[in-house]
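For reference, the structure is listed below as structure tokens.
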Amino acid sequence: MARRTTGLRFQPSGGARSAPLQVGRKQVLTIERLAHDGRGIAFVDGRTWFVSGALAGEQVEARVLGARNRIVDARAERLLAASPLRRAEPCAHAGRCGGCTLQALPHAEQLALKQRTLAEQLARFADLAPQEWAPPLVGPEFGYRRRARIAVRWDAAAGRLEVGFRAAASQSIVAIDDCPVLVRPLQSILRALPALLHGLARPQALGHVELFHGNTSAILVRHTAPLADDDLQRLRAFCREQAAQLWLQGKGEPQADAPEAPLGYRLEPWGLELHYRPGDFVQVNAAVNEAMVAQALDWLAPQPGERVLDLFSGLGNFALPLAQRSREVVAVEGVAAMVERGRENAAGNGLDNLHFCLADLSNPLAEAPWMAAGFPAVLLDPPRDGALEVVRQMGALGAERVLYVSCNPATLARDAAELARQAYRLRRAGILDMFPQTAHVEAMALFERGPAAR
């Protein structure tokens with residue numbers, strides 16, 4: 001098992017207690033490096049400053065947003081000395097919109113930051129390094145996002161509707177009618193959407209709006225009160241113009257305004273189509289998602305005679321391709337609606353060796369008939385909280401190979417330490433650039449247990 005210690009400097013220690021910092025105070029700072037969330041880190045008078053909008057090596061004038069103990073949150077307001085890496089931000093809303101925080105950093109440097117984040121978390125929390133680092137899985141820098149949530153808020157005092165994305169470090173809404181990270185069909189919808197919403201007779205009834213794109217585009221309108229008939233007709237006409245389905249959500253689950261073909265997306269290399277509904281979890285980046293599934297199959301290497309366990313299976317994004325290569329796949333998910341959707345997707349794709357089961361995966365797996373024979377190969381794709389309870393059972397399940405897909409390197413590292421205690425070695429790891437222009441890190445790690453690991 002490869003192990004590594006870290007000498008990272010996170011926060012200076014010692015010294016007398018400093019005077020409190022007032023919110024709004026300005027301070028000239030020299031940025032030493034970037035934090036895992038993409039903010040710049042500076043050290044002044046025994047305090048660690050986390051500064052949004054600053055790059056390593058830059059000198060900035062920053063404004064205090066908040067302070068607790070020796071940690072200061074701040075935002076760069078004036079650039080005094082720029083990093084040679086700084087580039088012109090492609091989006092006109094950069095620095096105000098809270099969505100894309102790394103646009104000033106070239107894409108190659110974004111990938112390097114994410115790689116360092118994964119390596120540092122594995123070293124810090126698990127004292128591990130993989131035997132092999134895989135190259136990053138990448139897709140387009142822009143035009144990749146096939147889902148978006150548009151903030152909508154009625155300002156009663158001003159008598160106007162606010163439409164856009166949430167501002168950085170704020171609940172304010174930045175008015176936006178163009179977003180270069182959206183796929184093109186959604187960019188077209190977003191450009192026309194504010195005018196439509198501002199023109200509604202009763203905009204006070206709106207909650208938020210979500211946009212989707214797969215085999216077709218769709219618009220979900222969340223409303224907190226019944227929509228006026230005229231407003232509903234305007235929404236329908238808008239959706240016809242944009243070739244998009246209209247979905248409505250009041251107090252219950254989202255409902256299609258009219259019976260239409262199911263929303264879905266294809267996993268083209270495997271000839272599979274997965275159906276979903278607004279509110280279901282779907283990976284936002286189609287290109288990286290396909291590359292991720294392909295890499296998962298390659299690393300886990302399921303054999304035709306093997307049983308495979310897919311935990312946190314969702315719609316079947318991994319389970320369906322796995323079933324094409326395995327004798328049997330058991331897919332376990334904690335949300336009943338997703339289990340039902342997964343079963344529909346298995347049936348729709350003619351996969352009778354794929355079985356979806358409901359279980360609370362925040363707790364240890366309870367004894368079930370499908371567990372009895374064990375699984376030589378296990379795939380996990382948990383939420384940000386990780387999968388500690390079920391990871392503790394990997395050895396008992398007889399898993400020889402465990403593929404862990406993570407959206408949080410810290411919980412991946414924590415769970416990796418638990419796998420190491422069960423004599424699994426970290427064979428391979430790498431990042432998945434699911435969210436370019438942001439500091440969000442997705443990762444994949446392969447653990448193996450065999451004679452060499454014991």
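Looking only at the stretch 246-263, residues that are surrounded by fewer than 17 Cβ atoms within 10 Å (Cβ to Cβ) and touching a Gly at 6+ places or on another chain (Cβ under 8 Å) come to 1 in all.
Yes/no matrix, rows are residues, columns are (1) farther than 25 Å from ILE431 by Cα; (2) modelled with pLDDT of 95 or more; (3) not in a loop (DSSP other than H, G, I, E, B):
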{"position": "GLU253", "(1), (2), (3)": "yes, no, no"}
{"position": "VAL288", "(1), (2), (3)": "no, yes, yes"}
{"position": "ALA294", "(1), (2), (3)": "no, yes, yes"}
{"position": "ASP298", "(1), (2), (3)": "no, yes, yes"}
{"position": "LEU315", "(1), (2), (3)": "no, yes, no"}
{"position": "VAL329", "(1), (2), (3)": "yes, yes, yes"}
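Within the stretch 133-159, the set of residues being free of Cβ contacts under 8 Å to residues at least 12 places away in the same chain and either surrounded by 17 or more Cβ atoms within 10 Å (Cβ to Cβ) or in contact with a strand residue (DSSP E or B) (Cβ under 9 Å, 6 or more places away or on another chain) (or both) comprises just one member, ASP155.
Summed over the stretch 391-425, the residues that are open to solvent by 10 Å² or more (accessible area, probe 1.4 Å) and hydroxyl-bearing (Ser, Thr, Tyr) give a count of 1. Of all positions in the stretch 413-434, at least one carries a residue that is in contact with a Lys or Arg (Cβ under 6 Å, 6 or more places away or on another chain), β-branched (Val, Ile, Thr) and either in contact (Cβ under 8 Å) with a residue 24 or more places away in the chain or outside any loop (DSSP other than H, G, I, E, B) (or both). Assess whether LEU190 counts as being among the aliphatic types (A, V, I, L, M), buried (at least 17 other Cβ atoms within 10 Å of the Cβ) and touching a strand residue (DSSP E or B) at 6+ places or on another chain (Cβ under 8 Å). It is true that LEU190 is among the aliphatic types (A, V, I, L, M), buried (at least 17 other Cβ atoms within 10 Å of the Cβ) and touching a strand residue (DSSP E or B) at 6+ places or on another chain (Cβ under 8 Å).
Restricting attention to the stretch 359-385 and to residues that are outside any loop (DSSP other than H, G, I, E, B), under 23 Å from the mean Cα position of the chain (by Cα) and not β-branched (Val, Ile, Thr), the residue that is nearest to ARG449 (Cα to Cα) turns out to be LEU379.
Going by what's in this entry, would GLN204 be described as open to solvent by 70 Å² or more (accessible area, probe 1.4 Å), outside any helix (DSSP H, G or I) and polar (S, T, N, Q)?
Details: open to solvent by 70 Å² or more (accessible area, probe 1.4 Å): yes; outside any helix (DSSP H, G or I): no; polar (S, T, N, Q): yes.
So GLN204 does not fit the description; no.
ILE173 meets all of the listed conditions (1) within 22 Å of GLN245 (Cβ to Cβ); (2) open to solvent by less than 30 Å² (accessible area, probe 1.4 Å); (3) not polar (S, T, N, Q) but one, namely (1). Just one of the listed residues (ALA35, ALA42, ALA62, ALA56) is closer than 16 Å to ALA112 by Cβ, more than 23 Å from the chain's Cα centre (by Cα) and not aromatic (Phe, Trp, Tyr), namely ALA56. I'd like to know if the stretch 68-79 contains one or more residues that are touching a strand residue (DSSP E or B) at 6+ places or on another chain (Cβ under 8 Å), without any contact (Cβ under 8 Å) to a residue 40 or more places away in the chain and open to solvent by 50 Å² or more (accessible area, probe 1.4 Å). Yes, the stretch 68-79 has at least one match.
The values are calculated or read from the model by the stated rules, or taken from the named source; none is laboratory data. Computed from a predicted model, the values in this text were never measured in an experiment. Cβ coordinates were reconstructed from backbone atoms using ideal geometry, including for glycine residues, and neighbour counts include every protein chain displayed. Keep in mind that these areas ignore ligands, DNA and RNA; they rest on the heavy atoms of the full protein, side chains included. Shrake-Rupley method; radii C 1.70, N 1.55, O 1.52, S 1.80 Å.
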